[in-house]
Amino acid sequence: MKKKNSKANNAEKIIGRLREQELLKDLVASKKSEFIAVYGRRRVGKTYLIKNLMDTLPCVFFHVTGLQKGSSKEQLEEFAKQIGTTFYQSPSIIPRERWKDAFEDLTQAINKIPKEKTVVLFF
């Protein structure tokens, strides 16, 4: 049996949510900056939808979630790891001690991406 490309597999995993998928696709395709707040009941698939859909779209997708009961140091380490993995293909970025500096690292990483590429930030 032939294995399908992973982007196609991710698209097939999403069942329903057609209106939401189209909205997200339109926002990613937009030529201007966009902001969307996704909210709803717990455990209904909000994060699943976004992660799997973004994997099928032509964009740089940065996503990070907090660590449950993680210390500030651990949270900053996870943030740095995700910056490294997303923008430098290596978790080699040195974690910062302050959030202000961590977001400056994220800004610098985004600024290195060609302007014609879409960058999606998911927190």
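The values are calculated or read from the model by the stated rules, or taken from the named source; none is laboratory data. The structure presented is a predicted model; accordingly, all values stated were derived computationally and were not measured. Please note that ligands, DNA and RNA were not included when accessible areas were found on the heavy atoms of the full protein model with its side chains. Shrake-Rupley method; radii C 1.70, N 1.55, O 1.52, S 1.80 Å.
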query: Which residue fluctuates the most in the chain, going by a Gaussian network model with Cα springs under 10 Å, if the choices are 17, 98, 43?
result: 43
query: Which of 28, 38, 60 moves most in a GNM of the chain, Cα contacts under 10 Å?
result: 38
statement: Taking Cα pairs closer than 8 Å and at least 6 residues apart, the relative contact order of the chain in percent is 26
message: Per 0.36 nm of contour for each residue apart, how much would the distance between residue 57 and residue 29 grow if the chain were fully extended, relative to their Cα-Cα spacing?
response: 9.2 nm
- prompt: Going by accessible area, probe 1.4 Å, with all protein chains left in place, what is the ranking of 55, 105, 26, largest first?
  reply: 26, 55, 105
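Using a probe of 1.4 angstrom, how much of the accessible area of the chain is carbon and sulfur, in percent?
Numbers: 5030 of 9460 Å².
Taking all protein chains in place, the chain shows 53 percent carbon and sulfur surface.
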query: When the gyration tensor of the chain is built from Cα positions, what are the square roots of 5 times its three eigenvalues, in whole Å, from largest to smallest?
result: 26, 18, 16
query: Among all the aspartates and glutamates, which ones have a C-alpha under 14 Å from residue 13's C-alpha, if same-chain residues fewer than 8 places away are not counted?
result: 55
